[in-house]
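> Take a look at this one; I'll ask things after.
Read the figures in this text as sums done on the coordinates, not as results from a lab. Keep in mind that what you see is a predicted model, and the values were worked out from it rather than measured. Cβ coordinates were reconstructed from backbone atoms using ideal geometry, including for glycine residues, and neighbour counts include every protein chain displayed.
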Amino acid sequence: MNKAEDYAIELRRIVKRFPGVIANNGIDLKIRRGEIHCLLGENGAGKTTLMRILYGLYQPDQGEILVNNQKINISSPRIALQHHIGMVHQHFKLVPTLSVEENIILGLDEGTGPFTNFRKVRKRISLIANQYGLSLDPRTKIWQLAGGKQQQVEILKALYREVEILIMDEPTSVLTPQEVEKLFTTLRFLVKNGLTIIFITHKLDEVMKVSDRVTVLRKGKVIATIPTQETDKETLARLMVGREVIFCLKKNPVKKKEKILEVKDLHVLNDRGLPAVCGLSFELYGGEILGIAGVSGNGQNELAEVLTGLRKLIKGEIYLDGQDITHCSTREINKLKVAHIPAERIRVGIVPTLSVSENLILNKYFYSPFSRGEFLNYKAIKENAQAMISEYQILTPHYQIPVRILSGGNIQKIILARELSCDPRMIIAMHPTYGLDIGATEQVRQTLLSQREKGAGILLISEDLEEIISLADRIMVMFGGKTMGILEGENIDLERIGLMMAGTKYRGEKM
Amino acid sequence: MISAKKWRFKIEERSSVSNSRVLLTSILAILAALIIVGIFFQFYGVSAFKAYRLIFSGSLGSRFGLAEIVRRAIPLLLCGVGLTLAFRALFWNIGAEGQLLIGAVAATGIALFSKLPPFLLLPAMFLGGFIGGALWGIVPAFLKVILGINEVIATLMMNYMAIYLVEWLIHGPWKGPSARGFAYSDPFPPSAMLPTITGTRIHWPTLIIGLVISVLIYILIVHTKSGLEVRVMGENPEAARYAGINPLKVTLLVMLISGGLAGLAGVGEIAGIHQRLLGPTHISMGYGYTAVIVAWLARRNPLAVIFTSLFFALLITGGDVIKVSLGFPSQMINVFNGAILFFLIGSEFFLRYRISFIGRR
């Protein structure tokens, strides 16, 4: 057998359905032994689902898995590990109060009887660490380690279990640029020592930098598998987003008239107290959609939270219709007709155990007619629910049903109905169609466009470039908490956006 | 899906839970607890059957027994109703015991030292008791929302502060000259004593207050803006923030009421039964702790507390009966309470999930 055909993993026609979506639709994938293979795709393309199937966390509805040319049934991560397949999750599965060595041997039986032979464990850990160029003190507690080091622990944990095929799920999303460099060095070292690595990402730079081959996934299907040397970022971007991207939804031109939002020199910190938004200024006009593109974690979340009063800023000014709202509370901003479609719709946007009708008034129960004085008016609440259910085509058995049993698309419709029914002046929409099926996606987009027609200013924050390009009138790209420039009209171009997302500033016509 | 070696089960989340299922599950949980406690009776050398017969006949079988059940249900009702509200907001108030004692202290202070005209004395005691309990309750609320201090620890610790405050008062400044060396305060003036139903110890004004308040709290939770805020915050704090609900306001409101109602229970015990301030274990017998289970068994529904408080009052009264006639230690009732809470919390799993058997592999 020649080396090119020595496959460590072969996936054949894998199909995985979830209620309302097909996450993997007949995927074929071959991973060569000893390569770094990138799985590239947007959010919701099916990358993570596919890898969870390979790691035994999900069972495929159809298709077969071959490991080392043997057909196997991976019913749990334990079986995957028996076949030397390991996974490093995007969010680490470590116990913060335990030490590195304790985390590494968690779940293993090392030693005799109830006693762990830590001397043996430590010796083995340092042996592996030396072999792969990792440096960790086995006795440090996890909480004392930075993100990059914690990831090394995860890798070490897999190596300790004699993993030969390592799946890394968006490993750079929690790392600083320096830590990313270090990770890439480590990965190359691992491959040199005989490991095979599957690297899930949606970042083009990383694909180009680290991989031998790349498979592009889109909407649950394999679009292409290409040797990295034979391709470039622009091609990959086009494959990832899809050729038919720029199908235009019918839009009337913007009548740029009134300034709705003005943000001046905004500075915001993230949860860890580090700068997330650094000196951002922009304006939003009535009747336009301003798309904010960027790789996640470049300050978009913090921006949305500041604009809706959920997060305090450290410097800057925000004006809505000329009124200073810099230090307003969430409730005050909400009362100025600002709609907010949050990124995490189930965790933030609804109360799963409350009814459809109650969720539809979650931030307007204090208005007449929903309440009179201190008392809620259930008749008005019910009528509102019935009207919203028919207007937004929410599929629910009853308005009193708890929201948690509805599908993602219908939950999003409830949020849209609630947020948009008050004729908002400004709409802040984050990933509004993320995870929705085509029908629901279409409906959400049409709804946003009709709000634009009515003169609302819409801030569309999304990692889905297809969505931004087809909806937005202007596109601002954020990188490192700053704007890389605003594209408009004919300047809107996928490759240009891709470069800006990677940190190139746009200055006028030529780049 | 969880699979054992041979048997395969499927665990699915239920889409909705009917009231009858809640009732059935609760009853099964109580039965399971009764069986466990029955085993303890057997260990004591007493037939469980006989013990239970004594418990039920001794409490339900006589006018005196019935009256004792009702009078013990009063503090459980007031504390329990308040706790349903706190638990709805996911504020784990374990401090009803301390809040009750502070209510009793406040009422005693007013009864003994206020010089108010007689017709104002009892209303002032109730008001003072409410305020005292409420103040004791909002301290942990502040601590939680502003400093992030766990409310279970804070409320529990404040119980001990209340207990030692009462001990200090009855051994020190409030020790009654007429108590002949006992650690009591002086008895209350007659105008500070609550009327009782003749021949019983049921101080009916407190009972009526308790019943009215459980209806009011129900209305508060289901029909008011504040109630919606409480529910939203309890069910999804992130969504509450997103909807602009002020967590400090909601938590303070909830603990003001929860603490205040426990304070009212303390006033009732002091003015209705003891008519003087005495040792903390004599004032309360752990009503504040039992009320946690009362509220939980009622599934945080204030109207259901009326029934669950009667049920636990029955157990306490029955516990007294077997204590006297079988010589059991009085702590037996705590074993009861513990077992019931244990099974109730365990049964939550069966309410949320459906478990179906899918045959052998």
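> Rounded to the nearest 500, what is the protein assembly as shown's calculated 222 nm mean residue ellipticity when only DSSP H runs of at least 4 contribute -39500 (n - 2.57) each, over all residues?
Per the formula, -15000 deg cm²/dmol.
> What number do you get for segment B:58-329 when its Cα radius of gyration is normalised by 2.2 N^0.38 Å, N = residues?
1.00
> Let me ask you something else. Using +1 on the beta carbon of Lys and Arg, -1 on that of Asp and Glu, and nothing else charged, what's the dipole of the protein assembly as shown about the Cα centre, debye to 20?
1860
> Using a 10 Å cut-off on Cβ to Cβ distances, tally the other chain neighbours for every residue of B:154-164 and report the average as a whole number.
Mean partner-chain Cβ count within 10 Å for B:154-164: 0.
> Would you be so kind as to identify which of A:ILE155, A:LEU290, A:GLY481 lies farthest towards the positive end of the dipole of the protein assembly as shown, taking Lys and Arg as +1 and Asp and Glu as -1 on Cβ and the Cα centre as origin?
A:ILE155
> Rounded to whole Å and sorted largest first, list the principal axis extents of the Cα atoms in segment A:3-241.
51, 39, 37
> Dipole of chain B (Lys/Arg Cβ +1, Asp/Glu Cβ -1, origin at the Cα centre): which of B:THR155, B:ILE202, B:ILE35 lies farthest to the positive side?
Value computed over the given set: B:ILE35.
> Oh, and also: Please list, by residue number, every one of the trypsin sites (Lys or Arg not before Pro) in segment A:304-382 that is coil in DSSP and has at most 14 other beta-carbon atoms within 10 Å.
A:LYS312
> Assign one of three labels to segment A:345-422, namely rounded, prolate or oblate, based on the Cα gyration tensor with a ≥ b ≥ c the square roots of its eigenvalues; rounded applies when a/c is under 1.5, prolate when it is not and a/b is larger than b/c, and oblate otherwise.
prolate
> Still on this model: Quick one: Cα centre-to-centre distance for segment A:265-299 and segment B:311-333, in angstrom?
65
> Let me ask something additional. As I understand it, the value is the acute angle between the Cα axis of helix A:378-391 and the longest principal axis of the Cα atoms of chain A; what does it come to in degrees, rounded to 10?
So the helix axis and the longest Cα principal axis differ by about 70 degrees.
> Output the Cα-based Rg and Dmax of segment A:191-315 in Å, rounding Rg to one decimal and Dmax to a whole number.
19.9, 62
> Please compare each pair in A:LYS30/A:LYS203; A:LYS71/A:LYS219; A:LYS413/B:LYS144; A:LYS264/A:LYS482; B:LYS50/B:LYS323; A:LYS30/A:LYS123 to a cut-off of 24 Å on the Cα-Cα distance and tell me which ones are over it.
A:LYS71/A:LYS219; A:LYS413/B:LYS144; A:LYS30/A:LYS123
> What nm value, rounded to one decimal, do you get for the distance between B:LEU351 and A:SER368 when each label is placed 7 Å out toward the C-beta?
Calculated label separation equals 3.9 nm.
> Can you give the relative contact order of segment A:1-144 as a percent, counting alpha carbon pairs under 8 Å and 6+ residues apart?
Relative contact order of segment A:1-144: 19 percent.
> Further question on the same structure: Treating the beta-carbon of each Lys and Arg as +1 and of each Asp and Glu as -1, no other charges, what is the dipole magnitude of segment B:206-361 about its Cα centre, to the nearest 20 debye?
For segment B:206-361, the charge dipole is close to 540 debye.
> What angle, in degrees between 0 and 90 and rounded to the nearest 10, separates the Cα long axis of helix B:151-171 from the longest principal axis of the Cα atoms of chain B?
Taking Cα atoms only, the helix is inclined about 20 degrees.
> If you don't mind, there's one more thing I want to ask. May I ask you to sort A:VAL295, B:VAL105 by Cβ crowding, counting other Cβ atoms within 10 Å and putting the fewest first?
Result, fewest neighbours first: A:VAL295, B:VAL105.
> Just to check I understand the Karplus step: with θ = phi - 60° and J = 6.51 cos²θ - 1.76 cosθ + 1.60, what whole-Hz values come out for segment A:154-160, glycine and proline as x?
Listing the rounded values in order: 4, 5, 4, 4, 5, 5, 4 Hz.
> How much FRET efficiency would the formula 1/(1 + (r/R0)^6) give for A:ILE401 and A:ARG17, where r is the Cβ-Cβ distance and R0 is 22 Å, rounded to 0.05?
My answer for the efficiency is 0.40.
> Any chance you could run the full-extension gain for B:TYR52 through B:LEU216? It's 0.36 nm times the residue separation minus the Cα-Cα distance, nm to one decimal.
55.5 nm
> To continue, here is another question. Among A:THR225, B:SER178, A:PHE92, whose Cα lies farthest out toward the positive end of the dipole of the protein assembly as shown, if unit charges sit on the beta carbon of Lys, Arg (+1) and Asp, Glu (-1)?
B:SER178
> Right, another one. Can you list which of the GluC sites (Glu not before Pro) found in segment A:127-230 are DSSP loop residues with at most 14 other C-beta atoms within 10 Å?
In loop regions of segment A:127-230 (DSSP not H, G, I, E or B), the sparsely surrounded GluC sites (Glu not before Pro) are A:GLU162.
> Could you tell me how many cubic angstrom of Cα convex hull volume segment A:107-255 has per residue?
Taking only Cα atoms, segment A:107-255 has a hull volume of 190 Å³ per residue.
> Which value, in debye to the nearest 20, gives the size of the charge dipole of segment A:323-437 about its Cα centre, when Lys and Arg are +1 and Asp and Glu are -1 at the Cβ?
Here the size comes out at about 160 debye.
> I want to check the label-to-label distance for A:LYS257 and B:PHE43. Put each point 7 Å from Cα in the C-beta direction and report it in nm to one decimal.
8.1
> A follow-up question, please. Need one number: % antiparallel among DSSP beta bridges in the protein assembly as shown, to the nearest 5.
60
> How big is the shadow of the Cα convex hull of the protein assembly as shown, averaged over all directions, in nm²?
So the Cα hull casts an average projection of 44.6 nm².
> Could you grab the relative contact order for chain A? Cα pairs under 8 Å, six or more apart, rounded to a whole percent.
With pairs under 8 Å counted, the relative contact order is 15 percent.
> May I pose another question? Could you work out the mean count of beta carbons from other protein chains within 10 Å of each residue's beta carbon in B:98-109?
0
> Counting partner chain Cβ atoms within 10 Å of every residue's Cβ in A:397-406, what's the average?
Per residue, the number of nearby Cβ atoms from other chains is 2 on average.
> Shifting gears a bit: Kindly provide log₁₀ I(q)/I(0) values, in the same order as q = 0.14, 0.16, 0.18, 0.21 Å⁻¹, from the Debye equation applied to equal alpha-carbon scatterers of segment B:268-319.
Those come out to -0.42, -0.54, -0.65, -0.82, one per q.
> With the radius of gyration and the Kirkwood radius both derived from the Cα set of segment A:396-450, what is their ratio Rg to Rh?
So for segment A:396-450, dividing Rg by the Kirkwood Rh gives 0.97.
> Would you work out the relative contact order for chain B, in percent, from Cα pairs under 8 angstrom that are 6 or more residues apart?
36
> Which of the peptides B:288-299, A:278-289 is most tightly packed, and how do the rest follow, judged by the mean count of other Cβ atoms within 10 Å per residue?
Ranked by mean Cβ neighbours within 10 Å, highest first: B:288-299, A:278-289.
> A further question follows. Restricting attention to the alpha-carbon atoms of chain A, what are Rg (one decimal) and Dmax (integer), both in Å?
When restricted to Cα atoms, chain A yields Rg and Dmax of 24.9, 81 Å.
> Can you tell me the 0 to 90 degree angle between the C-alpha axis of helix B:63-88 and the longest principal axis of chain B, rounded to 10?
Helix B:63-88 sits at roughly 70 degrees to that axis.
> Convert each backbone phi in segment B:199-209 into a coupling constant with the Karplus relation 6.51 cos²θ - 1.76 cosθ + 1.60 (shift: θ = phi - 60°), then list the ³J(HN,Hα) values in order as whole Hz, x for Gly and Pro.
So the Karplus estimates, Gly and Pro as x, are x, 10, 10, 7, 7, 4, x, 5, 4, 5, 4 Hz.
> Measure off 7 Å from each Cα along the Cα-to-Cβ vector at A:SER329 and A:ARG122, then give the distance between these two points in nanometres to one decimal.
Reported label-point gap for A:SER329 and A:ARG122 is 5.5 nm.
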